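A short worksheet on the structure shown next.
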Amino acid sequence: ASGGFASPTGPTTTTTEQRTLEAKMIEETVLPPTPADVDARSRFAWPLRGSVMTGFGDQVDGVRSDGINIAAPMGSPVRATADGEVVYRGSELDGYGNRLLVRQEGGWVSAYANTDAILVRKGDFVRQGQVVAKVGRTGSVSSPQLHFQLRRNLQPQDPELALQGGITGSQSARL
């Protein structure tokens, strides 16, 4: 096999652009988080690189956010923040669009919402850094983003603090 893309009329040669695209697709799905994605003080890694548009807690408009919203280009890879089991995938909750829940040790659950595509199934075990979804614009959002929550024993926790190891139980075992 030539490693190139096949066309209806037969195999074609692989262009530099196609090889770059293939390498990017592989990189997005199998590489572990980079040091910039993981704070050594935390057991959690950032699920996505992007700007935090909405922080945790009470907002200026009086609405409370139980997570953070991270802006990113449509289709950007969303990675598991920590090892765990997929316990829910669906779109039944109004406003959240396509949503994924992963249960981690210690009573933690990570939630990824407003995704375009969910790439894992209920019951799957995911590893930290594994691509589990793609950024979307589903639910009540008007631009591509990820709504990311961390809960401990069902209680919402500030994801930014947890990602920095600033919440009891979110610290890395490496310390």
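The values are calculated or read from the model by the stated rules, or taken from the named source; none is laboratory data. This is a predicted model, so every value here is computed, not measured. Heads up, the Cβs are rebuilt from the backbone with ideal geometry, glycines too, and the neighbour counts pull from every protein chain shown. Quick note on the areas: whole protein, heavy atoms, side chains included, nothing else; ligands and nucleic acids left out. Shrake-Rupley method; radii C 1.70, N 1.55, O 1.52, S 1.80 Å.
Per residue, what accessible area does the range 65-175 have, given a 1.4 Å probe and all protein chains present, in Å²?
Each residue of the range 65-175 exposes 45 Å² on average to a 1.4 Å probe.
Counting only protein heavy atoms and using a 1.4 Å probe, what share of the accessible area of the range 50-102 belongs to carbon plus sulfur, as a whole percent?
49 percent
Could you put Glu85, Glu92 in order of accessible surface area, largest first, with the 1.4 Å probe and the full protein assembly present?
Glu92, Glu85
Which three semi-axes in whole Å describe the equivalent ellipsoid of the range 69-169, each the square root of 5 times a Cα gyration tensor eigenvalue, listed largest first?
For the range 69-169, the ellipsoid semi-axes come out as 20, 15, 13 Å.
Simple spin-label model, 7 Å along Cα-to-Cβ: Glu85 to Arg103 in nm?
Modelled inter-label distance: 0.5 nm.
Got a sec? What order do Ile118, Ile68 fall in by accessible area at 1.4 Å, biggest, i.e. largest, first?
Of Ile118, Ile68, the descending order of accessible area is Ile118, Ile68.
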